[in-house]
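Data first, discussion second: the structure below is written as structure tokens.
The values are calculated or read from the model by the stated rules, or taken from the named source; none is laboratory data. What you see is a predicted model; the values in this text were computed from it and never measured. Heads up, the Cβs are rebuilt from the backbone with ideal geometry, glycines too, and the neighbour counts pull from every protein chain shown. Ligands, DNA and RNA are stripped out before the accessible areas are found, and what is left, the full protein with its side chains, is counted by its heavy atoms. Shrake-Rupley method; radii C 1.70, N 1.55, O 1.52, S 1.80 Å.
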Amino acid sequence: ATSEHVRLSLYLSNDHDDTASAAIGILLSSIGGTAMSFTGFKLRHAVSATTFTLIGVICKLATILVNHFVWDHHAGAVASLVLCGSIVLSTLYKAPGLRDGVEASD
């Protein structure tokens, strides 16, 4: 347990003048998240499922790389190696073939 509820109640019990800036931050974050969602929908209709998945994996790797350079608290080397290893190993996956007597549908 991180006791965030205790810290939140202490914060809310004190007077703070940053309510407006917090509201603006939440509003901008909500707008950004909604825009990202609609952009993802549009991209999914524009490219194949494989390309969409590849773009998602590249974005995840880029996010991890940025986290390593920007913030002090990020995943360690072992966690990053495990993540990269799982992505590399996922390239070995092959879809199962059709059973005998089953025709492929268009």
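Restricting to the range 48-77, and then to whatever is small (Gly, Ala, Ser), more than 22 Å from ALA95 (Cβ to Cβ) and in a helix (DSSP H, G or I), can you tell me which residue is most open to solvent (accessible area, probe 1.4 Å)? Only one residue fits best here, namely ALA77.
If you go through the range 61-92 and keep only what is of a type in the set (S, T, N, Q) and under 19 Å from THR50 (Cβ atoms), you end up with SER86, SER90, THR91. Quick one: in the range 21-33, which of the residues that are open to solvent by less than 70 Å² (accessible area, probe 1.4 Å) and under 29 Å from PHE52 (Cβ atoms) is farthest from the chain's Cα centre (by Cα)? Among them, the one singled out is SER30.
In the range 34-47, what residues are open to solvent by 60 Å² or more (accessible area, probe 1.4 Å) and either in contact with a helix residue (DSSP H, G or I) (Cβ under 8 Å, 6 or more places away or on another chain) or closer than 28 Å to THR91 by Cβ (or both)? So that I can check it myself, show each step before the final result.
Going residue by residue through the range 34-47, those that are open to solvent by 60 Å² or more (accessible area, probe 1.4 Å) are 34, 36, 38-39, 41-42, 44-46.
Once the filter is applied, which keeps residues that are open to solvent by 60 Å² or more (accessible area, probe 1.4 Å) and either in contact with a helix residue (DSSP H, G or I) (Cβ under 8 Å, 6 or more places away or on another chain) or closer than 28 Å to THR91 by Cβ (or both), the range 34-47 yields MET36, THR39, PHE41, LYS42, ARG44, HIS45, ALA46.
On the basis of being part of a helix (DSSP H, G or I) and open to solvent by 80 Å² or more (accessible area, probe 1.4 Å), does VAL88 make the cut? Reasoning before the result, please.
Numbers: part of a helix (DSSP H, G or I): yes; open to solvent by 80 Å² or more (accessible area, probe 1.4 Å): yes.
Here the answer is yes, as VAL88 does meet what is asked.
Please go through the range 20-44 and give me each residue that is under 16 Å from GLY56 (Cα atoms) and hydroxyl-bearing (Ser, Thr, Tyr), ordered by number. Across the range 20-44, the qualifying residues are SER37, THR39.
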